[in-house]
Structures are given as C-alpha cells and as structure tokens.
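The next block holds one structure in the form of structure tokens; read it before the comments.
The values are calculated or read from the model by the stated rules, or taken from the named source; none is laboratory data. The structure displayed is predicted, hence computed values, not measured ones. So basically every Cβ, Gly included, is an ideal-geometry build from the backbone, and we count neighbours across all protein chains shown. Remember, those area values only see protein heavy atoms, side chains included, never the ligands or the DNA or RNA. Shrake-Rupley method; radii C 1.70, N 1.55, O 1.52, S 1.80 Å.
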Protein chains: 2
Amino acid sequence: MNSRRFVLASAVIAASIAAARAQTPSTGAEAIVRSPSFVAASDFLARDYDRFVRELITLTEIPAPPFKETARGAAFLQMLRASGLADVETDAEGNVMGVRRGSASALRATADQPMLAVLAHLDTVFPEGTDVHVKRDGTRLRAPGVGDDTRGLALMLTMIRAMDAAHVQTPLDILFVGNVGEEGEGDLRGAKYLLLKGKYKDRIKSFISIDGGDQGSITNGALGSKRYRVTFKGPGGHSYGAFGIVNPAFAMGEAIAKFSHLTVPANPKTTFNVGVVNGGTSVNSIPTEVSMDVDMRSESPDALNKLVADFQAVVRDAVAQENAARSTKEGKVEADVKLIGDRPSGETPVNSLIVRSTTAVVKSFGLTPRYGISSTDSNIPISLGIPAITIGRGPSERSHSLDEWTDVEKSSAVKAAQVALAIVFAAAH
Amino acid sequence: MNSRRFVLASAVIAASIAAARAQTPSTGAEAIVRSPSFVAASDFLARDYDRFVRELITLTEIPAPPFKETARGAAFLQMLRASGLADVETDAEGNVMGVRRGSASALRATADQPMLAVLAHLDTVFPEGTDVHVKRDGTRLRAPGVGDDTRGLALMLTMIRAMDAAHVQTPLDILFVGNVGEEGEGDLRGAKYLLLKGKYKDRIKSFISIDGGDQGSITNGALGSKRYRVTFKGPGGHSYGAFGIVNPAFAMGEAIAKFSHLTVPANPKTTFNVGVVNGGTSVNSIPTEVSMDVDMRSESPDALNKLVADFQAVVRDAVAQENAARSTKEGKVEADVKLIGDRPSGETPVNSLIVRSTTAVVKSFGLTPRYGISSTDSNIPISLGIPAITIGRGPSERSHSLDEWTDVEKSSAVKAAQVALAIVFAAAH
C-alpha cells in the first residue's frame, strides 16, 4: 500500500504508556527513546545504513509478482537468519518469518505467550518481466516496488539487527514476517493465513504492518474494498464473415466508458479503477471472451455499497445495449461478475493501547501524528478484533507505477528507522 | 479465411479451356474430368477418404498458433513426403513445400519453367493452450481450426496422393505449400515470402489457395483490410492513492464504445472489429498501458479509407475526453496507433485463364459458380499481378470460434476433393 488519508488527531493523546499497561514493565515513550538500550540500537541504525540500502536494492531486484514471491522469500529468509533472528521458517502460504524472544517467554511456557506481529509484504504489483533494476538519482532509488513494500522489508532487517546489536529486551515475543499476498488479487492471503491458520494464530495479540509513507502517519482505519473480475462472453466468430453479431469487447468498452462517467464523493473518499483488461485471440476474430478487473474502495461502507450497485447496473446496461445493437443469432453477450477481493473495513480505536503508544512515540520524535485509513494487511487483524496499525517505511512516491521511487537520504532514512524501531519497541511492552 | 461474398456469375462462361490455351496441350474441363487419368485419380480419392479424415484429425490436434506453426509444419512435411512429393523442404519463413514435376520440366531447364502454386495455410487463429482435441458429432468434426484451414492441408495431401496413384501428368510443375502466417498478425507473411523472396518467386505464374468453404465459390477478389494496434499510455499509479488522474483503460473503453457506435455500409460490405484487448498490471493499479487490436475491411477502398479515418477520430476524441475528465498532473493519456496489417485489395479478372478454367470445372460438376471477394493469401499474388484464386476445402462453419466444425460426410467430402483436384489439374495446363 502507499495510499491513505490522514487527519490531524482531534484529541491530544497525552497519557503515558506506562499508566495504561498495568501488567507490563512498560515505560513511557520518552523513557523508551531515552533508554540506554534504545539509544544503542538507534546508534546502530546509523552505522547499518549502507547495509540497509544494499539490501533494499538486492531485494528490489528480485521480482516478486503476486503469487510468485518464492524467490524473494527465499532471499529474505537468508537475510532474516543473517540478521540474528531465530526460528526462521517459511509457512505453508509462503510467509517468511522468525521469532525474537521476549523476556516473558523465558519465564512461562512459550505457547501461552501473547505476541506482537510485525509485517512487511514481499509481493509487488508488478508482473513477471517488469524491469526491476534499481536506478540511482541523487538520494532517490527508482524501481518498481522499491518503496511498496521492499523498503518495509529492508527496514525490518535493519531493525532486527539493531535490537540484536544493542541486546534490546522486550517483554513480548515479536514475530517478524515478510508476508505474501498483500497486493491486488493476493487479497491479503498472507495475513489471512497467519491469523486464521498459521502456528502463531492464537498468540498474535497485536499487529504492526510496515507499509506506509512517512513516520507521522498512523493507519488505524481499514479501508474497505470490493474487487471484481467481469468476464464478457459471446459466440465469437470471423471478424468479416460473422460481422454483425454481438462482440463482447464492444460490451466491455461500453461498460468501461459508462463506469468512467460515474461520479463518486470526494468525502468520504471513494474511488474506482479498471486495472487490468484481457481477452480475445486474434485481430481478425470477434472475441469469445474478454475480461476486466475492477477495484472499488471507500472510507464509507454505504458509499462503497452504492458504488458497487452502480457498477453492476453499468455492466447490465452495457450488455443489454450490445445485445440490442447487434445480432444475437449465434448467441448473446453475457457478463459473469465474480468477486475477487473483499477487504473488510474497520478501525483500531484511537484510544487503544497500540495507537496511544505509537502516538506518544511519534510525538517524542517531534512529529505530528496523523491518523489514516487505508487498505493494508492490517485490515485482517482489525476485522478479527486484534489491535493493528500500519506505519511508515520512509518516503516513497508513485507506488504501483513504473517510475516508483523512494528517497534514502541518510539522515531522514535513519530517523525513519529509529521511529519505526521505537514504535515496535513500545508496542512489544 | 472462411468469409467472403459471392455473386452469381452474370455472364455465362462457356469458352473451352483448350481454345484459350494455344501453347498448352489442354483439353476442356469436360475432357479433363472424363480423362482416364483424372477418373483414376478421382476413384482413388474415395478409397483414400479414411486416411484424409485421419490426417485431418492428426493435423488439427497439433496446435499452430500464429508465429508458432513449427510443430504442425514438421508433421506436415513428413506427410508431404509420405504422399509421394519430391523436393520437400521448409523455407526460411516456415513454409513447408514440395514440387510435383510437370511434363514441360522434362524438356527444358527447370529454372525457366512457369509453375502453379497451390497453398493451404498451417496457422490457425487460436492461441497456445486452446483445446484442439477433435470431437465427432455424426459426420461433423468439431475443433478450433478443423476447417480453417486444416481441412485445406488434409485435402492437399489426398490430392497429391491421388495424382501420384493415377500417374497424372500435368504440363506445369505444381508447387504444393503448407504456408505460415495467413491469419491475423501473420499478415500473409508466408505468401509474401514465397512470392517476394523464396526460391520459386520468379517461377510462380499462377496461384491457388485452398481456403474457402463450398466448391461453387471462387474467390477472385482480394478484400482490402487495415489492422491497427492502439496502445493507450498514461502515468499510472495506485488505484486509491492516485485516484483522479487519467486512466488509459478508461480512454480505451471510451474509444471502443464510440467505435462500436459507428455505422458502416452493408454494400459495399464494410466491417470492423476489436479482436484483442490487453494491459494493466494489477487490479489496484491504474494501468500505465493498455492496448487493443482493431481490424477493418471493406470491399471498397473508399469505404475502408473512410472507416479508418472515423476510427482515428474516435481514438483522438476518446483520448481528449479522458484528459479533460481527469487530472493530468502526473501526465496525459496518449494513444499510439500502429499499423499491424495492411492487405492490398485487387482482383483476378473473371475473364482470366485461371478463373475461366475453374468456372468450367465447377460447372462440369453441376455446381453454380459464384465469384467472391475475401482476404486470403491470394491477396498477395493479386497485388503483384499474378493470377490467383481461392477455392473451397469443403463445408465448415463457425471459423475463428471455439465451436468451429467441418462436415466430412463421405460422398460430399469426396466430391469436394474431386472438384478441387480438377481445378488444380486444369490450372496446371
């Protein structure tokens, strides 16, 4: 993900983390940031900067299309091991993960311990064959996927090394995950597996996804989305000999045109997209089948439902129009509308522990916290009632486009890593 | 091909072939059909029927997508050899061919001899992965490509065997070709190579393509066509984060819708098609690029030119409309309109030798000759001034659709083969 809306916090959140956490030996955000072990870890991040950049480039240049994250996952698995994490493994869905033991695990049976999950996703939106070679442009690195979410993966690695180097102790176990299936048709399959089927599913009690932009942004809202693949089918035939019969490509064109004319509210933000079109066998054949992939999102479930209804009407109208415009003697055009993505909406309350501790950390770095809503892996824990937020990985722009870039200017990159580390450190108390 | 328009011959063509061919030992069509060697060859066709059907099925079940005819070509090469043809080879373009020596070659240097080329095309319109398994349904064989033009290939093989079995002697050498690239983007590359670059290019003085339906039809007109790939490009971006910027898929949808609303004359027959659509990387990305393949044809060059101009205006308007409807702050949508097929139109005159001899043969079988115009490999020789026609392979329907079928009822199949053999036999005089 790279997209969300943020509003300035309407209420000042000033309560200390310690006061809210009776059962854990937490200190406040200020105390965390000033603690000797955090300072040591923080210093390490600056020394580890070159390696962070190197690993970011290495990982970016391993293609990871949706459902084809294996090669990048294998490389990430080695990097997790090399960064000092134990219990490193790949689960049945393809998530690559390892556990950093907290102090509580040493006292009680591990199976009972609550766990903080920290995720960055392995997959990018880009298909096989995309040129993923990284180009440098001053302090900017340019490549498809370099920001979303490869920078999140590289940030996770440097954080783990920093905690290891500074012998940071957290009360909670932390599960670090490079997960599959965040983008598009992946439909959050990695996060779903982790929380619904994986070996740690009953232990994960809080959740942080590193998959946003700058570090003032705290995504605590899950943006709902509905995704459809619409397949227009018809009898097909020779472009000249059978001319005059219905053409599924014409019906789809009509549907796209009508869809593009829909108006949606700016607030609550509501969006729609035709992301992929595909179909037909040859220039001189009337297609038997063409399809389009459609994405619709809204901050408001009601606005989303209205948009989905409008979209379905558009498809019906376009099909009826084509069947009326041309001959159906060989058969009609029909549309098969299939739901291919359904991301639940929801919210981790602003007064929840994880949002409050993150807010305090962000402020302690002199940043202004902004709360946002987006569609990320956090949608899944939020829908399950598990407190979850999505935080920044550092500045990147033009995500999902071929000219995506991320800025790795050293001082800001190190600061972004320090804020993320402090957020994770605080949340693991 | 499978599509053409036929008109009943307005003039009765009664001249004997012999009278028109002072320099060859030709007899009239009636005489050809009654000659002992033709009768023997004709009888052989009935005995060879089972093998014809078997080879038709075998060849149909070897996929031959455009530009991927190699496997089928290799099998056809073996079959040409097994059917008694000499000098069998594959040329640099992929055409599979062999020569059947005529009596004139025995008297003079071969290099000087005029030659009749007889073609059927190897390629089908169907892409890799299409199920090409042949299903029987009474006397019908159902499979993609079974008619167009695999039946032409199988017919050619049985004809060669019949000529061989009956020791038929023709004055002219006959070049039998299973050629590549007739369909779609192949853009007649096989016929072009044969006539412009191949080793026999200066010897081919007449040309028959076996690529039509029933045997009363004589395609002597070359239907002109123009084909374009239109690529709509834009900045792309995240479907939610970048919502509001221009979307190339919306521009293409608008163009397809407007294109589908165009009206074209029924006479001269003028047609248009969107045959393939493609593009985009993921459902949640605004595409950077989508494309469509467009086919336009007309019996009239003027009507074709008008349609092409209308089509280009439609693309321009759709692009302008999208750039006006949404933000261009990240860049505009642009359309790249590329010509991918340009088939010349033209005609082999009805009073040409090859049309007259074919007409006489068709009549001698009690059929009513009809002259037609179509887009086939004959477009190329016609554009070069080489007399050329396209003749039938036997009844088939639903070409270019997945439910294509051809009828192989024995008596009609054998008769279709006899007519084709007589046409070739007469044209080789």
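Only a single criterion out of (1) under 25 Å from A:ALA388 (Cα atoms); (2) within 17 Å of the chain's Cα centre (by Cα); (3) open to solvent by less than 50 Å² (accessible area, probe 1.4 Å) is not satisfied by A:VAL99, namely (2). Scanning the stretch B:243-284 for residues that are in a loop (DSSP other than H, G, I, E, B), of a type in the set (A, V, I, L, M, F, W, C) and at the interface with another protein chain (Cβ under 7 Å from one of its Cβ atoms) yields a count of 1. The set of residues in the stretch A:293-303 being open to solvent by less than 50 Å² (accessible area, probe 1.4 Å), in contact (Cβ under 8 Å) with a residue 40 or more places away in the chain and not in a strand (DSSP E or B) consists of A:GLU299 alone. Here A:ASP317 passes the criteria (1) in contact with a helix residue (DSSP H, G or I) (Cβ under 8 Å, 6 or more places away or on another chain); (2) farther than 21 Å from A:GLU185 by Cα; (3) facing chain B (nearest Cβ under 7 Å) except the one numbered (3).
Under the condition of being at pLDDT below 95 and polar (S, T, N, Q), the residues counted in the stretch B:221-238 number 1. Each residue in the stretch A:232-242 was checked for being surrounded by fewer than 24 Cβ atoms within 10 Å (Cβ to Cβ) and more than 7 Å from every other protein chain (Cβ to nearest Cβ), and 1 pass. Only residues that are more than 7 Å from every other protein chain (Cβ to nearest Cβ) and either closer than 30 Å to B:GLU182 by Cα or touching a Ser or Thr at 6+ places or on another chain (Cβ under 8 Å) (or both) were counted in the stretch A:285-302, giving 8. Of the helices (runs of 4 or more DSSP H) that lie entirely inside the stretch B:91-206, those containing 1 or more residues that are away from every other protein chain (no Cβ under 14 Å), within 27 Å of B:PRO66 (Cβ to Cβ) and touching a residue at least 24 places away in the same chain (Cβ under 8 Å) span B:152-165, B:189-196.
Yes/no per residue for (1) closer than 30 Å to B:ILE245 by Cβ; (2) in contact with a Gly (Cβ under 9 Å, 6 or more places away or on another chain); (3) open to solvent by less than 60 Å² (accessible area, probe 1.4 Å); (4) not in a helix (DSSP H, G or I):
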| position | (1), (2), (3), (4) |
| --- | --- |
| B:ASN305 | no, no, no, no |
| B:VAL314 | yes, no, yes, no |
| B:ALA318 | yes, yes, yes, no |
| B:ALA335 | yes, no, yes, yes |
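Any residue at all in the stretch B:69-90 that is within 21 Å of B:ARG136 (Cβ to Cβ), surrounded by 21 or more Cβ atoms within 10 Å (Cβ to Cβ), touching a residue at least 60 places away in the same chain (Cβ under 8 Å) and of a type in the set (Asp, Glu)? Checked against the condition, which is being within 21 Å of B:ARG136 (Cβ to Cβ), surrounded by 21 or more Cβ atoms within 10 Å (Cβ to Cβ), touching a residue at least 60 places away in the same chain (Cβ under 8 Å) and of a type in the set (Asp, Glu), the stretch B:69-90 yields no hits at all.
Inside the stretch B:225-277, residues that are small (Gly, Ala, Ser), farther than 27 Å from B:SER327 by Cα and touching a Gly at 6+ places or on another chain (Cβ under 8 Å) make up a count of 2.
Go through the stretch B:191-231 and give me each residue that's of a type in the set (Phe, Trp, Tyr) and surrounded by 20 or more Cβ atoms within 10 Å (Cβ to Cβ).
Answer for the stretch B:191-231, where residues must be of a type in the set (Phe, Trp, Tyr) and surrounded by 20 or more Cβ atoms within 10 Å (Cβ to Cβ): B:TYR193, B:PHE207, B:TYR228.
Per this entry, A:ALA388 is not counted among residues that are surrounded by 20 or more Cβ atoms within 10 Å (Cβ to Cβ) and farther than 19 Å from A:GLU183 by Cβ.
Candidates A:SER239, A:SER291, A:SER282: the one that is among the hydroxyl-bearing types (Ser, Thr, Tyr) and under 22 Å from B:HIS238 (Cα atoms) is A:SER291. Residue check: is B:VAL264 modelled with pLDDT of 95 or more, open to solvent by 10 Å² or more (accessible area, probe 1.4 Å) and in contact with a Leu (Cβ under 7 Å, 6 or more places away or on another chain)? Yes; evaluated as a whole, the condition is true for this residue.
Flag: A:PRO395 matches the condition of being surrounded by fewer than 21 Cβ atoms within 10 Å (Cβ to Cβ) and under 18 Å from the mean Cα position of the chain (by Cα). Of all the listed residues (A:THR158, A:THR124), the sole one being more than 13 Å from A:ASP407 (Cα to Cα), touching a Pro at 6+ places or on another chain (Cβ under 9 Å) and at pLDDT 95 or above is A:THR124. Residues that are open to solvent by 30 Å² or more (accessible area, probe 1.4 Å) and in contact with a Lys or Arg (Cβ under 8 Å, 6 or more places away or on another chain) within the stretch B:360-385 comprise B:PHE365, B:ILE373, listed in sequence order. When the stretch A:69-90 is filtered for residues that are assigned to a helix (DSSP H, G or I) and over 20 Å from A:GLN169 (Cβ atoms), the ones remaining, listed by number, are A:THR70, A:ALA71, A:ARG72, A:GLY73, A:ALA74, A:ALA75, A:PHE76, A:LEU77, A:GLN78, A:MET79, A:ARG81, A:ALA82.
Residue by residue, here is whether (1) farther than 17 Å from B:PHE76 by Cα; (2) open to solvent by 20 Å² or more (accessible area, probe 1.4 Å); (3) within 24 Å of the chain's Cα centre (by Cα) holds:
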residue	(1), (2), (3)
B:MET115	yes, no, yes
B:ASP123	no, no, yes
B:ARG136	yes, yes, no
B:ARG140	yes, yes, yes
B:ALA143	yes, no, yes
B:LEU155	no, no, yes
B:THR158	no, no, yes
B:GLN169	yes, yes, no
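Here A:THR281 meets the list (1) within 33 Å of the chain's Cα centre (by Cα); (2) under 27 Å from A:VAL125 (Cβ atoms); (3) at pLDDT below 95 almost entirely, failing just condition (1).
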